[in-house]
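Structure first, commentary second.
The values are calculated or read from the model by the stated rules, or taken from the named source; none is laboratory data. Keep in mind that what you see is a predicted model, and the values were worked out from it rather than measured. Neighbour counts are summed over all protein chains in view; Cβ atoms, including those assigned to glycine, are modelled from backbone coordinates with ideal geometry.
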Amino acid sequence: MEKRVIFDGKLLPYALLLPQLLVTLIFFYWPAAQTVWQSFLIQDAFGLSTEFVWLENYTTLFANPDYYRSMLTTLVFSGLVAGFSLAIALMLAVQADKQIKGASAYKTFLIWPYAVAPAVAGVLWLFMFQPSLGLVAQAIRSLGFEWNPLLNSNHAMTLVVMAATWKQISYNFLFFLAGLQSIPKSVIEAAAIDGARPARRFWTIIFPLLSPTTFFLLVVNIVYVFFDTFGIIDATTGGGPAKGTETLVYKLFSDGRLGGDLGGSAAQSVILMILVIGLTAIQFRYVERKVQY
Amino acid sequence: MVERKSIFDFLPHLVLLIGILIVAFPVYVAFIASTWDAATIANGTMPLRPGPHFLENYYRTIFVGTSSSTRQPVGGMMLNSLIMALSIAIGKIAISLISAFAIVYFRFPFRMPAFWLIFMTLMLPVEVRIYPTYKIVADLGLLDSYPGLTIPLIASATATLLFRQFFMTVPDELVEASKIDGASPMQFFKDTLLPLSLTSVAALFVIQFIYGWNQYLWPLLITTRDDMQTIVIGIKKMIVTQDALTEWQLAMTTVILAMLPPVLVVIVMQRLFVKGLVETEK
């Protein structure tokens with residue numbers, strides 16, 4: 001789509017674009033290019049000499065069992081968070097979509113966790129599950145279960161999954177609710193007149209019509225778990241115990257900062273960049289289809 | 001709907017109330033903890049009702065700082081977060097408005113490449129280019145400064161896309177009318193386009209304010225001085241994972257303070273926020 005009526009101007013449009021382009025080139029493209037370049041280099045421990053090594057950083061990375069472990073952690077983490085937050089949000093959205101009193105008040109009470117910083121969400125849950133003084137942790141322990149997220153990596157994973165899910169429910173809820181409200185009521189009423197019970201109506205009509213929304217949210221949630229949960233993990237478990245909650249982004253961060261392995265960290269960045277490009281492309285394919293309806 | 005009224009009518013309310021309970025419970029616990037003293041919490045005997053130390057804890061957190069180490073007062077951190085969030089939100093909106101204006105209302109060589117250059121940044125989250133970006137900011141001498149905290153996060157493909165889409169729907173007649181009136185492009189932008197965009201601007205402001213306030217990785221790397229810290233980073237530094245010395249009542253006071261501004265913004269601006277969210281994502 002193009003505008004028919006436009007303004008003349010030789011320099012003005014460039015002047016208007018300049019700030020955006022400057023920030024983009026200096027803080028996006030230049031560092032991204034540096035990252036790619038760095039991923040082909042190995043630097044000695046003192047940063048005195050660098051050597052171009054082609055793909056050695058990548059082969060080292062893929063030979064390292066730690067990397068696969070971190071991949072698996074990320075996969076488990078994303079799967080659990082996306083699964084739980086989508087399921088819970090859908091359930092709440094379906095109830096909030098019904099003609100009930102106070103629906104908008106419910107909505108207000110459910111959407112605000114969107115505004116809570118991931119790191120803050122992490123600390124909130126850490127406090128409840130802190131083994132010696134946490135309210136919930138004490139309850140669990142009094143049942144005879146040895147709960148300790150500081151020592152047991154499965155417990156730590158449970159903790160970060162809960163915090164990340166809690167934070168994401170509100171976002172998914174909003175989109176599911178928007179999706180539900182765009183389904184024509186007449187379709188559902190027709191099915192009801194045909195004698196379909198609520199559960200059947202949900203699975204045969206509503207859920208399929210929601211599938212584009214669900215797919216979109218799935219991709220968005222995966223991106224969220226990959227990148228935005230850094231704060232949750234850093235503030236609650238620091239990737240531990242025993243690297244049990246070290247996701248790909250966390251590993252990239254700690255390898256570069258604590259390990260000083262810039263080449264390896266850059267190679268990890270490039271792999272993540274490729275992943276994001278893929279996920280973003282999928283999102284836009286979806287948006288395109290959506291627009292054509 | 002067609003079903004007759006039955007006892008199951010309370011089911012939606014029940015499910016939603018349980019949902020709200022789950023959503024609100026951690027915050028309630030944090031608030032309760034922020035009103036008790038350290039000993040009550042450390043003993044694990046904290047009751048589920050507010051304690052007597054509300055004023056003391058909030059006063060100490062905001063103005064004095066926590067004592068066990070050399071923590072800054074949280075008031076200063078909140079100010080830093082506020083400056084960061086406002087700069088990012090206003091900066092993003094400003095540069096996206098004018099770049100979308102250039103792309104929609106002018107024809108010039110390099111127009112589409114420029115658009116794609118901006119568009120592609122959607123695929124470069126700060127996390128994946130973190131060290132080189134850090135180095136550039138360091139080379140520019142912007143570590144521990146507000147420009148260093150905000151400018152690298154200001155470019156925004158989503159805001160530009162949103163404004164571009166919105167400008168496309170503005171009727172051409174308006175441009176013709178202002179041209180007949182002899183208005184310059186910038187006059188048209190200021191007098192016609194900007195007033196029409198106010199709703200989108202407000203919606204985007206809510207989302208970007210929250211984005212800026214909640215930043216974590218970037219301020220963590222870029223600030224080393226205590227007085228430049230944001231509140232989200234401040235909380236993390238109060239939690240000493242392996243240590244009993246964490247002053248949980250003050251950490252929880254800080255948690256409540258850190259949540260308050262963005263949550264208030266969402267609740268007060270709910271309608272705009274939802275509009276902006278759905279539009280930027282689709």
Please work out if A:Ala15 is in a helix (DSSP H, G or I), in contact (Cβ under 8 Å) with a residue 60 or more places away in the chain and out of contact with any Cys (no Cβ under 9 Å at 6 or more places or on another chain).
-> no
Please find, among A:Ala89, A:Ala103, the residue that is buried (at least 24 other Cβ atoms within 10 Å of the Cβ) and within 11 Å of another protein chain (Cβ to nearest Cβ).
-> A:Ala89
For region B:8-23, enumerate the residues that are more than 8 Å from chain A (Cβ to nearest Cβ) and under 16 Å from A:Lys107 (Cβ atoms).
-> B:Leu17, B:Ile18, B:Leu21
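Restricting to region B:142-165, what's the tally of residues that are of a type in the set (Gly, Ala, Ser), farther than 20 Å from A:Pro13 by Cα and assigned to a helix (DSSP H, G or I)?
Here the count works out to 1.
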Residue in region B:109-141 that is farthest from the other protein chains (Cβ to nearest Cβ), counting only those that are over 23 Å from A:Leu252 (Cβ atoms) and in a loop (DSSP other than H, G, I, E, B) = B:Gly141
Residues (touching a residue at least 60 places away in the same chain (Cβ under 8 Å) and closer than 25 Å to A:Ser49 by Cβ) located in region A:248-264 | A:Gly260, A:Leu262, A:Gly263, A:Gly264
Hits in region B:47-68 (condition: modelled with pLDDT under 80 and surrounded by 12 or more Cβ atoms within 10 Å (Cβ to Cβ)) | B:Gly65, B:Thr66, B:Ser68
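For (1) at negative phi; (2) outside any helix (DSSP H, G or I); (3) out of contact with any Phe, Trp or Tyr (no Cβ under 6 Å at 6 or more places or on another chain), each residue gets a yes or a no:
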| residue | (1), (2), (3) |
| --- | --- |
| B:Phe167 | yes, no, yes |
| B:Val175 | yes, no, yes |
| B:Ser178 | yes, no, no |
| B:Ala183 | yes, yes, yes |
| B:Thr192 | yes, no, yes |
| B:Leu196 | yes, no, yes |
| B:Val201 | yes, no, yes |
| B:Val206 | yes, no, no |
Answer yes if at least one residue in region A:101-120 is out of contact with any Pro (no Cβ under 6 Å at 6 or more places or on another chain) and closer than 30 Å to A:Ser39 by Cα, and no otherwise.
-> yes
Within the bounds of region A:136-148, is there any residue that is of a type outside the set (Asp, Glu), surrounded by 24 or more Cβ atoms within 10 Å (Cβ to Cβ) and touching a Gly at 6+ places or on another chain (Cβ under 8 Å)?
-> no
